[in-house]
Amino acid sequence: MRKDGLSQQAYIPVPEGGSYDPFVSPDESPAEFTVKAVILGILFGIIFGAANAYLGLRAGLTISTSIPVAVMTVAVFRALQGAGIRGTILETNIAQTTGSASSSLASGVIFTLPALFMWGMPPELLQMTLLAMCGGLLGILFMIPLRRFLIEREHGKLPYPEGTACAEVLVANEIGGGRARFVFYGLAGGALFKFLTSWIHVIPHAIHTKVPFLRKGELGMDLSPALFGVGYILGPRIAAVMVGGGLLSWLIIIPLIDYWGADLTAPFYPETVNLIPDMSPSQIWTRYVRYIGAGAVATAGIITLIRSIPVMVSSFKIGSAELGQRMSDDVREVKTERTAADLPLRVVGIGVLMIAAVLVLVPQVFGAVGGVEVRAAAAICVVVFAFFFVTVASRIVGLVGVTSNPTSGMTIAALLGTASIFLLFGWTDTMGKAAALTVGCVVAIAASISGDTSQDLKTGFLLGATPRRQQTAELIGVLTSAVFVCLTVLALGKGFGFGSTELPAPQATLMKLVIDGVLDQNLPWALVAIGAGIAIVCEIARIPSLPFAVGVYLPVSTMTPIFVGGLIRLWMERKAKDQTEAADRRERGVLLGSGFVGGEGLLGVGIALVAVAKSRRPDGIGTEWLGSEVTAMIVGAIAFALFATWFFRLVRGR
């Protein structure tokens, strides 16, 4: 293999079982699983785990953090060279493997557990941490027997895009002193802008305007570096689809509802107090459009899941067969070389049994949901759904990447199955709902982290890492980051409140609606059906239904900065002189965007902690110094334009 990069072999398909020479030979044994590598991974994992929790609660999505964590680790190792502390490429890989586990953990937690707060049943830190640990450990353990087939034998057939990209970034020696600065610039820039808008409040955090000649038509934009960075990371196509869904809600659906309800003389369900003509656009969105969006997101998630059924079935068969072969190999104690050595299968079996025992025997995991029989039923649902969806997700992310992993659809399917079982047993009270939700939480985390683990193991395969050390690093990453991710969620919930403008917690709200719909059967099904129809029309028109549905479900102001970020990426790549410059701009922008997410997320957590300590959010200076609201919004728009210009110059610069 070439020592200047992986591009010569990493993307070249090879036959199943074909040979591949990794960057570090199996015969070499450089430093890999070291204390400094693990500590750096833990620290960066805590930072980006907290930031991803904030982003997910605000926008309903998270980002992969493998590359920024790897880049920052290389930078730290280079900075410490003067003190005689050096790091090998395999140590850097262990650090990013440890650190990236927190992102997937955050996804599962924020997609589900905030619903407990909305039910008035806020969980304790112990319960949240146990749920996060159980889901994370299950996802990693179930992935271990599949590594040899999915990563080694299917090399060339399953590209694992994020894992391959991370390996290429690590091999490129210039990233240490040069490219790492973009992550740090992003951290500082995102935190500073968030400080101006949400801490001292000298400029508004959002701008909005009414659309003339359109009944209650309104457009807006959150002045959010994190959402702007996410748009650049996602790219123009997905960003345009998402903002299209938002425009449908705010420029078509809301005006239509207002026009249709103009002559009503009584509130229209689910609203029970106000007449539609007396409601603002935001109230109409909250009371009606949100249910339409929920129906669209749920349908799109299920459609995505149904479309994946052939892959799911084949993946499950292959995974089960591979598990059987691994069991026989484990019994024979087959000797393997360093780069093919996984954790023993007995570790997987013992670990799964211990997790199942914790789920059944520790009442704090599922909360006060009844006796051992209820917890046993919930534990069985967890293990069965987690095993199935881990097997499926590990292969799906190999084909389409982590960002396209239908975690929402898998979680909805797990919730529907669990809620249906609970309905048969008559466990339909609030405690039953909470138990069903916690099952979905563990399954969501397991499915999410299995995809992340797969990408990390692909990176290790290309670099020549030791799989069992990477798997151990993933387990450490889960155990060390779980409590910090959960503390972050608790602080954000107390500081801002879930379902608020700052933290709408869209995915958790959706999961709550799913469980309520099955167990209470009181949803406004007409609105949900409209949303389902929107998702189906998108599929017929070959528009990606899930991102479009997310756009319908979220305020258009959330989608607008994502769209702007995607447009800037499109323009900059098209204006590049060649493919090399385009790739360079893409990488710089992704690192900056990741930094924006980290910086704004950490500042958001800081504001929440201040709010918890003082029982109120920081008052700041306020925007009154700008005079009128219109002037304040103009100044905010100018400030964000200057911020985007700074981003543009950094990404375009040589």
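Coordinate-derived values only; no laboratory data. Computed from a predicted structure; not experimentally measured. Here Cβ is always computed from backbone atoms with ideal geometry, including for glycine, and neighbour counts include all displayed protein chains.
Put +1 on the Cβ of every Lys and Arg and -1 on every Asp and Glu Cβ in the chain; which of Phe484, His155, Met128 then has its Cα farthest towards the positive end of the dipole?
Toward the positive end, the furthest listed residue is His155.
Which order do the peptides 279-287, 467-475, 433-441 take when ranked by the mean count of other beta-carbon atoms within 10 Å per residue, highest first?
On the way: 279-287: 19.8, 467-475: 23.8, 433-441: 28.1.
My ranking of the peptides, most packed first, is 433-441, 467-475, 279-287.
Using the crude model of +1 on Lys and Arg Cβ and -1 on Asp and Glu Cβ, and no other charge, please compute the dipole size for segment 410-548 relative to its Cα centre, in debye to 20.
Numbers: 7 positive and 8 negative charges, 59 e Å.
The calculation lands at about 280 debye.
So, by mean Cβ neighbours within 10 angstrom, what's the order for 245-258, 480-493 with the highest one leading? Please report the intermediate quantities before stating the final value.
On the way: 245-258: 20.9, 480-493: 24.6.
Highest mean packing first, the order is 480-493, 245-258.
Read through the labelled values (1) 78, 63, 51; (2) 83, 56, 48; (3) 135, 64, 49 and report the label of the one computed as Cα extents along the principal axes in Å from the structure.
Computed from the coordinates, Cα extents along the principal axes in Å corresponds to (1).
Rounded, prolate or oblate, given the Cα gyration tensor of segment 122-212, with a/c below 1.5 counting as rounded? Don't skip to the end; give the middle numbers.
On the way: a/c = 2.28, a/b = 1.44, b/c = 1.58.
In terms of gyration-tensor shape, oblate.
For segment 154-272, with only Lys/Arg (+1) and Asp/Glu (-1) charged at the beta-carbon, what is the dipole magnitude about the Cα centre, in debye rounded to 20? Provide the component values of the computation, followed by the final result.
Values: 8 positive and 9 negative charges, 55 e Å.
Using Cβ point charges on Lys, Arg, Asp and Glu, segment 154-272 gives about 260 debye.
Write down, largest first, the equivalent ellipsoid semi-axes of segment 155-283 in whole Å, where each equals the square root of 5 times an eigenvalue of the alpha-carbon gyration tensor. Walk me through the numbers on the way to the answer.
Working: eigenvalues 373, 94, 27 Å².
In descending order the semi-axes read 43, 22, 12 Å.
For segment 181-241 and segment 410-449, what is the separation of their Cα centres, given in Å?
One Cα centre to the other: 34 Å.
Could you list Trp571, Trp119 in order of exposure, starting from the residue whose Cβ has the fewest other Cβ atoms within 10 Å?
Values: Trp571 12, Trp119 16.
Arranged by neighbour count, lowest to highest, Trp571, Trp119 become Trp571, Trp119.
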